[in-house]
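Student: One structure, as structure tokens, below. Some questions next.
Each reported figure results from applying straightforward, stated rules to the coordinates on display, with no laboratory input. Keep in mind the model is a prediction, meaning the values are calculated, not measured. Every residue, glycine among them, receives a Cβ derived from its backbone with ideal geometry; neighbour counts consider all protein chains shown.
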Amino acid sequence: MLMSVRALRPTALLLAVLLVSVFLGMTRPANAFTFLTAGGTNPVDTIVHPGEYYFQGGGVVTVTVGIATGTPNAADMMIPTQNAVTQWNWLTATTGNLRTGASSSVPAGLYDYESVLVHELGHALGLDHPNLASESGLPLPDQDYSRTTTGANLTFDLDPGADGIEGSADDLRGDDVNLGWFKAGVNNPLQLPASGIYDATTFSQDLADLPVGDNFVANADRAVANALGYANTEAVMQQGVATGEEQRRLTADDVAGIRFGMSGTDEIQGTADDYVIDLQFIGETTSADILISFNNASTPFAQTNSFILINMPDNHKANLLPKILFNDANQNWHFNQTPLTALPGDLTLDGDVDATDVLTMFANFTGPGTFNVTRQDGDVSPTPRDFDVDTDDILSAFASFTGPLDEGAFSPPAAAGDPAIPDLIYNAVTGEVILDPDGGLIRGYSLKSGNAFLPGGFTPVLGGVSVGMAAELSEAVFESGDEGISVAASIGNVFPTGLDLAGLTSLLTEFEASVLLGAELVSFDLVVLASVPEPSTGLLAAMAGLALVALGRFRQKKGGHRDAKKTLKIGEIQGTRGYTRPTTI
């Protein structure tokens, strides 16, 4: 039942019947990430995964999320539920995610459904409260300490240390047994590993791996975060929310917990059992992997029930068919009706697309395929997600680029304007493809087809990242002193021969180029050169002139042969601009 305006006393975990009820109370703690059911009768290093991982194994684990048909408030739940699903799909760590008072969009006296649902979805995916929370039976503020079980003395040892902040690195916890995972040697829950590795080689539960001088695992409570230099920041997996408060975005601690789980049952990133979660919101339904409803008889506030925890190898479990329940009899809810959006290349969700975003994408470039990467790594592809960082992602960032170019490391983008549309010049005899900026610049491009290209002849010309496949030829560059190509360049004999303009157009499912940071991608003008290679469209007139001179000399020498063919084709050229260049004399 609801004990106060700040705290709930949930029922105990009924592990004997494999029923887990996880409440969101109204306290304000958080700490290094933890997993459901760890400690107690289970090993302290228990890891819990989405139930579908048990059945689907490594790779993309699809988890459907639905609103129970006929539940109260269903129409109002649609947008904020999609937003919450998107947050966990983006899996992007932010700071400043806690908004109160005038900075919050939630009216006073109301609880924010979207903020609470983000928290509850974390439970459904396997994460536990990362603090002692109300289930410890402790009063506030003791619930703020990092999550542990009791030691041999069968009581929680609680001392906030010299700084007086519960859950900070100088807490004295006696023989309490730590349940939280922290980044070894760092112990900062709001900082992700620079290596990009989230597994047992970078995270630990062993207090011996704490930095020298630290006593216990630090947490991501708002007070601790503020002391660490992160204002208005708190992990969403804390047990607690207040009326008028908005907390819809994840922090590093939340992201690290899910990504650690994604390293699979071997807890080593980069092996065959790794997975990435693809949450799919399916609207109102009678059946979903995660089903959400308002059910006043089952919860006084909000909770996640997991009816089956399936055992997996090495102290791992799968959380099958969780249900998220809300109460609207005791609580008044705010339903945000603004869809969640972000600039395509904004990896950090800070409102711009700058050099940091783009360089992150280059650093994490995988090329096409499924590589279990997230938005924060650079996968900004829209639904359906493709879980890679490829040229399409980088070109999306180029198109949405806003700046600034960080630390003066790069020259500013070209002046705004309408740059010349570049040409893709195809030689039908040899299959050679020449990219001509037409007086502008090509910073990146993407050519796609149905497995028709000849990647063996592909010659990258941009010097950045490139993909040479039968279905895709693409490049992008974003380096100091290398802004792209400004003169025509050949990428090799990479197309099948013998195509006319209609055939070339049919061959290409995509032929786009980035010519200016912050500008939409443009489609190449397609030019077909039937017999004579064309290094640059700017040279056509000169080539034609040379041919006329040569032909004149030929006629002077062979003047008697006037019955020869009356026309000589220099180059039979077709283009998408709607004009025909001179081809006969």
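Student: Applying 1/(1 + (r/R0)^6) with R0 = 22 Å to the Cβ-Cβ distance of N330 and D76, what FRET efficiency is obtained, to the nearest 0.05?
Tutor: Values: r = 18 Å, r/R0 = 0.80.
With a Förster radius of 22 Å, E is 0.80.
Student: Which one, F326, L250, L228, projects farthest toward the positive side of the charge dipole computed for the range 202-353 from Cβ point charges (K/R +1, D/E -1)?
Tutor: F326
Student: May I pose another question? Would you mind ranking F281, F182 so that the residue whose beta carbon has the fewest other beta carbons within 10 Å leads the list?
Tutor: Ordered by Cβ neighbours within 10 Å, fewest first: F281, F182.
Student: To the nearest 20 debye, what is the magnitude of the charge dipole of the range 188-298 about its Cα centre, counting +1 on the Cβ of each Lys and Arg and -1 on the Cβ of each Asp and Glu?
Tutor: 380 debye
Student: Restricting to Cα pairs below 8 Å that are 6+ residues apart, what does the relative contact order work out to for the range 15-333? Please round to a whole percent.
Tutor: Result for the range 15-333 is 34 percent.
Student: Report the gain in length on full extension from D206 to D314: 0.36 nm times residue separation, minus Cα-Cα distance, nm rounded to one decimal.
Tutor: 37.1 nm
Student: Treating only the Cβ atoms of Lys and Arg (+1) and Asp and Glu (-1) as charged, compute the dipole magnitude of the range 355-408 about its Cα centre; round to the nearest 20 debye. Before the final figure, lay out the partial values.
Tutor: Numbers: 2 positive and 10 negative charges, 21 e Å.
That gives a dipole near 100 debye.
Student: May I pose another question? Mind sorting S486, S306, S449 by how few other Cβ atoms lie within 10 Å of their own Cβ, fewest first?
Tutor: S486, S449, S306
Student: Report the Cα centroid-to-centroid distance between the range 126-154 and the range 182-196 in angstrom, as an integer.
Tutor: 22 Å
Student: Here's something else I'd like to know. Could you line up D253, D163, D438 from fewest to most neighbouring Cβ atoms inside 10 Å?
Tutor: In increasing order of surrounding Cβ atoms, one gets D163, D438, D253.
Student: Which value results for Rg/Rh of the range 250-293 when Rg is the Cα radius of gyration and Rh the Kirkwood radius based on the inverse mean 1/r? If you can, show how the numbers build up before the last one.
Tutor: Values: Rg = 13.9 Å, Rh = 12.6 Å.
That ratio equals 1.11.
Student: While we're here: Compute the whole-percent fraction of alpha carbon pairs in the range 355-408 spaced more than 12 Å apart.
Tutor: 59 percent
Student: How high is the relative contact order of the range 66-191, in percent, counting Cα pairs under 8 Å that sit 6 or more residues apart?
Tutor: 16 percent
Student: Quick check: convex hull of the Cα atoms in the range 15-333, volume per residue, rounded to a whole Å³?
Tutor: It is 127 Å³ per residue.
Student: To continue, here is another question. Please check which bits of the range 201-233 a label hung off D157 would reach, taking the label as a point 7 Å along Cα-to-C-beta and the cut-off as backbone N under 20 Å.
Tutor: Counting backbone N atoms under 20 Å from the label point, the list is 205-219.
Student: Could you work out the relative contact order of the range 300-372? I mean the mean sequence separation of Cα pairs under 8 Å and 6+ apart, divided by the number of residues, in percent. Can you show the working numbers first?
Tutor: Working: 60 pairs, mean separation 15.2, N = 73.
RCO, the range 300-372: 21 percent.
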